[in-house]
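To start, the structure under review is shown below, and the notes come after it.
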Amino acid sequence: MSPDHKSKFSVMKTYDSIAKHFDVTRYKPWPETIKFAERLRSGSLVLDLGCGNGRNLRFLISKGMKVMGMDISVGQLDIAIGRAEKEVPDGEYGFAIGDVEHVPVKNSSMDAVIYIATLHHLTSSEARLTSMNEAWRALKPGGVCLVSAWAREQEKFQGELKYGQHDIGEDWEEGDILLPWTLKNEGDAKNGKKFMRYYHLYSEKEFDDMLEATAFKVLDRYIACDNHYAILQKTIDQ
């Protein structure tokens, strides 16, 4: 029987396994995070959902934000903690291992949420919407959220999309694919150990429909670098 790649446990174990190599190849903050930070005041409380190795988190800390990073992968968090201690030792931050469907913060406690490159790893539409509602719950009225997900319209993945249903089986949803991560430090690019990563690629309509299903007000909505992005707000009267 083939491994169940479409499960929360599989996603967690994959990112634990590739954490060190991921950190070598993914160390700069996302450009959209840099732009989003311009909306925030120094001292803002920011929740980084799916913080990974902390590349966005460290940038926000360097700009005077107080940041809580959360991830389901212990391997990623270990790296994020170690790098924060070295690179932003005087910053104000904390970390939590957790699930974006059950965020361990109080209601209306955060000034901002960044939710970058994580939503597309959740393995059902219900889980993805639940996580968006958790981001909304965590925000103070007037608070803002930056969310991204990979776009289904990317030409480079059309081949993989054709095989998604075959690779995943009965739990497949349209837009689901498995993509390999090769640990090149364990061999060459062809023969290194491979880990299959689950993604749900969003169509433009599906992404917009999900946003509409939340209580967020959409401040901006765009596509950049093959990702769907939205800047959202929890309105004052909420």
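The values are calculated or read from the model by the stated rules, or taken from the named source; none is laboratory data. Just so we're clear, the structure is a prediction, and the values are computed from it rather than from any experiment. When we count neighbours, we look across all protein chains shown, and the Cβ atoms used for this are built from the backbone with ideal geometry, even at glycine.
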statement: Expected output for region 106-119 (first residue under 11 Å from L146 (Cα atoms), partner of a type in the set (S, T, Y) and not in a loop (DSSP other than H, G, I, E, B), Cβ below 8 Å, 6+ apart or cross-chain) is I114/T33; Y115/S131; Y115/S148; I116/T33; I116/S148; A117/S148
- line: Selection from region 15-36 of residues under 15 Å from I79 (Cβ atoms) and either among the β-branched types (V, I, T) or assigned to a helix (DSSP H, G or I) (or both) yields Y15, D16, S17, I18, A19, K20, H21, F22, D23, V24, T25
message: Exactly one of these conditions fails for V74: (1) under 30 Å from G169 (Cα atoms); (2) modelled with pLDDT under 95; (3) surrounded by fewer than 18 Cβ atoms within 10 Å (Cβ to Cβ). Give me its number.
response: (2)
query: Does E85 meet the test of being out of contact with any strand residue (DSSP E or B) (no Cβ under 8 Å at 6 or more places or on another chain), within 22 Å of A224 (Cβ to Cβ) and surrounded by fewer than 17 Cβ atoms within 10 Å (Cβ to Cβ)?
result: no
message: List the helices (runs of 4 or more DSSP H) inside region 37-142, counting only whole elements, that have at least 1 residues being touching an Asp or Glu at 6+ places or on another chain (Cβ under 7 Å) and of a type in the set (D, E, K, R).
response: 55-62, 125-138
query: Which of the residues that make up region 81-108 are among the small types (G, A, S) and within 13 Å of V67 (Cβ to Cβ)?
result: A84, G91, G94, A96
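Keeping to region 60-71, report how many residues are small (G, A, S) and surrounded by fewer than 24 Cβ atoms within 10 Å (Cβ to Cβ).
The total comes to 2.
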field: Filter result for G164 (over 23 Å from P104 (Cα atoms) and of a type in the set (G, A, S))
entry: yes
- request: From the list D209, D237, pick out the single residue that is part of a loop (DSSP other than H, G, I, E, B), over 30 Å from D16 (Cβ atoms) and over 18 Å from the mean Cα position of the chain (by Cα).
  value: D237
query: within 24 Å of L219 (Cβ to Cβ) and out of contact with any Ser or Thr (no Cβ under 6 Å at 6 or more places or on another chain), is that true of S124?
result: no
task: Answer with yes or no whether S17 is under 30 Å from I168 (Cβ atoms), over 15 Å from the mean Cα position of the chain (by Cα), polar (S, T, N, Q) and buried (at least 16 other Cβ atoms within 10 Å of the Cβ).
output: yes
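Hey, can you tell me all the residues within region 186-238 that are basic (K, R), at pLDDT below 95 and in contact with a strand residue (DSSP E or B) (Cβ under 6 Å, 6 or more places away or on another chain)? Steps first, answer last, please.
In the first step, residues of region 186-238 are kept if they are basic (K, R); the result is 190, 193-194, 197, 205, 217, 221, 234.
Filter once more, so that each one left must be at pLDDT below 95: 190, 193-194, 197.
If the condition is that a residue be basic (K, R), at pLDDT below 95 and in contact with a strand residue (DSSP E or B) (Cβ under 6 Å, 6 or more places away or on another chain), then K193, K194, R197 are the ones that fit.
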task: Quickly run through region 41-61 and pick out the residues that are out of contact with any helix residue (DSSP H, G or I) (no Cβ under 8 Å at 6 or more places or on another chain) and more than 20 Å from L119 (Cα to Cα).
output: R41, S42, G43, S44, L45
task: Would you mind finding the one in E32, E92, E101 that is over 23 Å from H228 (Cα atoms) and either within 14 Å of the chain's Cα centre (by Cα) or exposed (fewer than 14 other Cβ atoms within 10 Å of the Cβ) (or both)?
output: E92
field: Among (1) closer than 22 Å to T14 by Cβ; (2) touching a residue at least 40 places away in the same chain (Cβ under 8 Å); (3) part of a helix (DSSP H, G or I), the one test that W150 misses
entry: (3)
